[in-house]
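What follows is a short report on a single structure.
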Amino acid sequence: MAISLILHIAGEDSIVVEVEELPKPTDQILIGNNPRYRDGKEVRNIQPEVNTVIYPWWRINFIEVLPSEQEEEVFGFYRE
């Protein structure tokens, strides 16, 4: 199952990629598939036919993990 991440890259707009597992603290790079902007548009500085990107850690400010479809099914508190 793919995990969607939002990468906040230094000096660029944030992009969404999919990974098979969360990066480990010992990793030197992050490999992501299907790069796109949050609104689904193609990333301007990546060729349209590219499916996989590799970013070194020093370029990434921080990462957000998007909830999976299973996590979205959990209901919160309801008050009448």
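Taken together, the values in this text are just the output of simple stated rules run on the coordinates, not laboratory data. Just so you know, these numbers come straight off a predicted model, no measurement behind them. Using ideal geometry, Cβ is built from the backbone for each residue, glycine included, and neighbour counts are taken over all protein chains shown.
Selection of first residues in the stretch 35-61 that are acidic (Asp, Glu) and of second residues that are exposed (fewer than 12 other Cβ atoms within 10 Å of the Cβ), restricted to Cβ pairs under 9 Å at least 6 apart or on distinct chains, gives the following pairs, ordered by first then second residue: GLU42/PRO48.
Considering only the stretch 20-40, how many residues are under 14 Å from the mean Cα position of the chain (by Cα) and either among the acidic types (Asp, Glu) or in a loop (DSSP other than H, G, I, E, B) (or both)? Matching residues across the stretch 20-40 total 8. Against the definition (more than 22 Å from PRO67 (Cα to Cα), free of Cβ contacts under 8 Å to residues at least 12 places away in the same chain and not β-branched (Val, Ile, Thr)), how does GLY11 come out, yes or no? In short, yes.
Residues in the stretch 52-70 that are surrounded by 10 or more Cβ atoms within 10 Å (Cβ to Cβ) and under 13 Å from the mean Cα position of the chain (by Cα): THR52, VAL53, TYR55, ILE60, ASN61, ILE63, GLU64, VAL65, LEU66, PRO67, SER68. Out of the residues in the stretch 7-30 that are over 18 Å from TRP58 (Cβ atoms) and either of a type in the set (A, V, I, L, M) or touching a His at 6+ places or on another chain (Cβ under 9 Å) (or both), state the one that is surrounded by the fewest Cβ atoms within 10 Å (Cβ to Cβ). Looking at residues that are over 18 Å from TRP58 (Cβ atoms) and either of a type in the set (A, V, I, L, M) or touching a His at 6+ places or on another chain (Cβ under 9 Å) (or both), I get LEU22.
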